[in-house]
Amino acid sequence: MRNRTVTAVRTDSPASQAGAPTGKDLFGASQVVRLDGGRRLRLDGRIDFWPGSGKWQVLASGEERQGVTQMLAFLVQQREAEGRPLAEPTPIASSLKVLCDYCGKPAQLHLGADVYPGRKDLAGLHFWVCWACDAWVGTQADDERHRPQGALAREDLRDARRAAHEAFDRLWQRGLMTRAQADEWLARVTGIAQPGCHIGMLDVDECLRVAAKASDFLPNA
Ligand SMILES: [Zn+2]
């Protein structure tokens, strides 16, 4: 939805980690065992996770499932059932105040290693996260202030944005139009004026529309 705004404002309070959860991080080193050269991760001694495909398997039952959000929920639920709940990873201090777009509570700044365990390519990037909502959004790698690139997104929206991004990038990467023309095309499709229109702002329906319209240019894609 185009009126969902990015709620990033400066605060005058000093950056502080007071109140941050302490204890073992959700995926502290002791809970991650790298197998098959890192292609498979054994998490918390109870599941195997394949970061490349998002597939995971419950060791005790052999049951196979898909999706990082469901996997995290499963791990949290199992630990709580045992009476030794997982602590959330410790957030990074930031002078920005970013609110979760689902629950309205403050989001936390984290490194990619917390959000995508096992993805070395994302480990050093910054993300704004609401663990309670399983929602997050990335920041530009070169943005020292770590401003969010859009609204926090749950898994369905993250998947939709990824699909829209890939379809959009094909438009200009394959030379069907220039990057500037592609940006104008995106503004027409979404009804959001440039500059300022980017896929991180879009909701699921808008992302699906962008991906479908982009595919119209690429009948053989
Ligand atoms: Zn939330």
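The values are calculated or read from the model by the stated rules, or taken from the named source; none is laboratory data. As the structure is a computational prediction, the values presented were derived from the model and not from experiment. Methodologically, a virtual Cβ is constructed for each residue, glycine included, from the backbone with ideal geometry; neighbour enumeration extends over all protein chains shown. Note: accessible area is taken over every heavy atom of the protein model, side chains too, but ligands, DNA and RNA are not part of it. Shrake-Rupley method; radii C 1.70, N 1.55, O 1.52, S 1.80 Å.
Brief remarks follow.
- Here A81 qualifies as over 21 Å from R34 (Cβ atoms), open to solvent by 30 Å² or more (accessible area, probe 1.4 Å) and at pLDDT below 85.
- Within segment 59-78, being within 16 Å of the ligand (Cβ to nearest atom) and open to solvent by 40 Å² or more (accessible area, probe 1.4 Å) holds for A73, V76.
- Test: Y116 is over 12 Å from the mean Cα position of the chain (by Cα) and at negative phi: no
- Every pair of residues 6+ apart whose Cβ atoms lie under 6 Å, when the first sits in segment 199-217 and is within 15 Å of M177 (Cα to Cα) while the second is of a type in the set (V, I, T) and in a helix (DSSP H, G or I): K213/V189
- Restricting segment 102-112 to residues that are out of contact with any helix residue (DSSP H, G or I) (no Cβ under 8 Å at 6 or more places or on another chain) and within 14 Å of G138 (Cα to Cα), the residue that is surrounded by the most Cβ atoms within 10 Å (Cβ to Cβ) is A107.
- Scanning segment 166-193 for residues that are open to solvent by 30 Å² or more (accessible area, probe 1.4 Å), of a type outside the set (A, V, I, L, M) and part of a helix (DSSP H, G or I) yields a count of 10.
- Of the strands (runs of 3 or more DSSP E) lying entirely inside segment 86-145, those containing at least 2 residues that are under 20 Å from L202 (Cβ atoms) and either within 12 Å of the ligand (Cβ to nearest atom) or touching a residue at least 12 places away in the same chain (Cβ under 8 Å) (or both) are 126-130, 135-138.
- Verdict on A151 being of a type in the set (A, V, I, L, M), within 30 Å of L43 (Cα to Cα), more than 13 Å from the chain's Cα centre (by Cα) and within 16 Å of the ligand (Cβ to nearest atom): no
- For segment 152-165, the criterion of a residue being part of a loop (DSSP other than H, G, I, E, B) and without any contact (Cβ under 8 Å) to a residue 60 or more places away in the chain is satisfied by at least one position.
- Scope segment 41-58; condition under 11 Å from G118 (Cβ atoms), open to solvent by 20 Å² or more (accessible area, probe 1.4 Å) and within 20 Å of the chain's Cα centre (by Cα); matching residues: W50, P51, G52
- If only residues of segment 154-164 that are under 17 Å from A211 (Cβ atoms) and open to solvent by 80 Å² or more (accessible area, probe 1.4 Å) are counted, the one that is nearest to the ligand (Cβ to nearest atom) is D156.
- Among residues of segment 19-52, those that are within 18 Å of Q70 (Cβ to Cβ) and either of a type in the set (F, W, Y) or modelled with pLDDT of 80 or more (or both), counted: 13
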